[in-house]
Amino acid sequence: MSDTQPSPEPQPLTRRRFVRDSGIAAGAAAAGFPHIAGAASNKPPLKLGLIGCGSRGRGAANQALSADKDVTLGAVADVSPGQADAAIGNLQRRHRERVGMPQRHIGLDAYKKVIESCDVVILATPPGFRPAMLREAVEAGRHVFCEKPVAVDAPGVRSVIESAKIAAEKKLSLVSGFCWRYHNARRALFDKVHNGAIGDVTNMFATYYTGPVKPMPPANRRPEGVADVAWQIQNWYNFSWLSGDSLVEQAIHSVDKIGWATGDIDPIAAVATGGRQVPAEGGNIYDHFHVVYEYPNNVRCHLGSRQQRGCYGENHDYINGTAGAAIIARGQCVIRGEENWRAGGELNNDMYQTEHDELFESIRNGDGKNDGEWMAHSTMLGIMGRMAAYTGQRITWEQAMGSKQDLAPDNLGWDDEFDAGGLPMPGQTKFS
């Protein structure tokens, strides 16, 4: 994490170096990246393991198998046999010669068997499980693709930071699922921002206004005999111990761009509002947030998110500086300043594929690409905003990073009873 301190004299936020591996120069972005699948074959074979067989896991596994011709699917893990079988079938149709009949492991501890048997693992389970899985993977010497967010609470973030250090020491490749940092048009735009195209950043507004993602089913649809943990995992998005809430799970992409725009320095504090307007039996997450992040030198960055039907939708970013503005809107990346600029169509790469192209390029080169520092930082920004909204308090970065609140025990079993807690109430919910 950054050790940058507020300047004693008020002046616009000072640009800082790009954090290692978070982006590329505009010229390199324009040139594009080589597709690894087109490279020469007969490289040492690698076994891929998929942990979490939902749609994002299947997509990531397809992209990994497309990135390197000498990778085979060795094993999959999920809590649902049907979901594991669906993933295997989907990947067999796409990559028949390199999927075959992978090992299939079912259960909450099935990830351990995948890590034991594979060289590269994809972590695509609900985020609440991610810190423990990442630690096991790097301690076993595995390369990792880690979906976002990387944790749901501060103890989890601290664990991820330590895991990233272990990966760096072992020269393991660790690539994050914060996909926009792998989109060449946005890489080019943020590179220009960091090199002064709009002067010094003075404020930012990032929006993530959309519809419901995974609505909580009514309580009467819970089958008889299904325990709390099983029911909550089946509806994981609606429970903060599993998803981190809508801010940390989905709007985190916009939070990540706030971190990117400010050079991934630590904010001073956050103040936020949020709540739930659309009733949902049993779940305990908010359906709207507004977070104001306070940075050194009177810079404030705003995040607005909403997940409600029938409302205005937008997923844009507005970055203002002392000499212009950067705007990401309607699929366009634009700089308005002393020199106007717009990203060309050649920069609109498949960012999901690029994540895996660069992961396997790093593995083959042995250079240990490591997104750990900034992926943990962006996740913590989201958690900090959630803390501020839940409590109704101004939360400092030091408070957030030092929080001892662990949202769930590590030893929960599928058939266990577990009270995930009710909906947080600002002014009543306490910071811990």
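General observations
- Residue ID - nearest to V213 (Cα to Cα), chosen from residues in segment 105-159 that are of a type in the set (V, I, T) and assigned to a loop (DSSP other than H, G, I, E, B): T125
- Any hit, segment 223-232, residues being touching a Leu at 6+ places or on another chain (Cβ under 8 Å) and not in a strand (DSSP E or B): yes
- So L247, is it more than 13 Å from the chain's Cα centre (by Cα), surrounded by 20 or more Cβ atoms within 10 Å (Cβ to Cβ) and either within 13 Å of K148 (Cα to Cα) or without any contact (Cβ under 8 Å) to a residue 24 or more places away in the chain (or both): no
- V193 vs. criteria under 24 Å from the mean Cα position of the chain (by Cα) and closer than 22 Å to L108 by Cβ: no
- Of all residues in segment 375-408, those that are outside any helix (DSSP H, G or I) and either among the aromatic types (F, W, Y) or modelled with pLDDT under 95 (or both) total 0.
- Where a residue in segment 179-201 is at pLDDT 95 or above and among the β-branched types (V, I, T) and its partner, wherever it lies, is in a helix (DSSP H, G or I) and crowded, with 18+ Cβ neighbours inside 10 Å, with Cβ under 9 Å and at least six apart: V193/W260; V193/A261; I198/K192; V201/V193; V201/A261
- Residues that are assigned to a helix (DSSP H, G or I) and in contact (Cβ under 8 Å) with a residue 60 or more places away in the chain, drawn from segment 313-359: E346, L347, M351, Y352, Q353, T354, E355, H356, D357, E358, L359
- Pair list, Cβ < 6 Å and 6+ apart or interchain, from segment 213-226 residues that are more than 30 Å from A251 (Cβ to Cβ) to residues that are at pLDDT 95 or above: none
- Residue within segment 251-262 that is within 22 Å of R186 (Cα to Cα), part of a strand (DSSP E or B), touching a residue at least 12 places away in the same chain (Cβ under 8 Å) and in the same structural domain as R221 (by TED's automatic domain parsing) present: no
- Matching residues, segment 199-212, being within 19 Å of K257 (Cβ to Cβ) and surrounded by fewer than 23 Cβ atoms within 10 Å (Cβ to Cβ): G199, D200, T202, N203, F205, T207, Y209, T210
- Single residue of segment 66-105 satisfying the filter (free of Cβ contacts under 8 Å to residues at least 60 places away in the same chain and of a type in the set (S, T, Y)) that is surrounded by the most Cβ atoms within 10 Å (Cβ to Cβ): T72
- Segment 108-130, residues that are within 15 Å of P81 (Cα to Cα) and in contact with a helix residue (DSSP H, G or I) (Cβ under 6 Å, 6 or more places away or on another chain): Y111
- Members of segment 278-312 that are assigned to a loop (DSSP other than H, G, I, E, B) and hydroxyl-bearing (S, T, Y): Y286, Y312
- Failed item in (1) touching an Asp or Glu at 6+ places or on another chain (Cβ under 9 Å); (2) part of a helix (DSSP H, G or I), with V271 passing the rest: (2)
- Here A168 meets the list (1) small (G, A, S); (2) crowded, with 24+ Cβ neighbours inside 10 Å; (3) in a helix (DSSP H, G or I); (4) touching a residue at least 40 places away in the same chain (Cβ under 8 Å) almost entirely, failing just condition (2).
The values are calculated or read from the model by the stated rules, or taken from the named source; none is laboratory data. None of the values given here were measured: they were computed from a predicted structure. Here the Cβ is made from the backbone with ideal geometry for all residues, glycine too, and neighbour counts use every protein chain on show.
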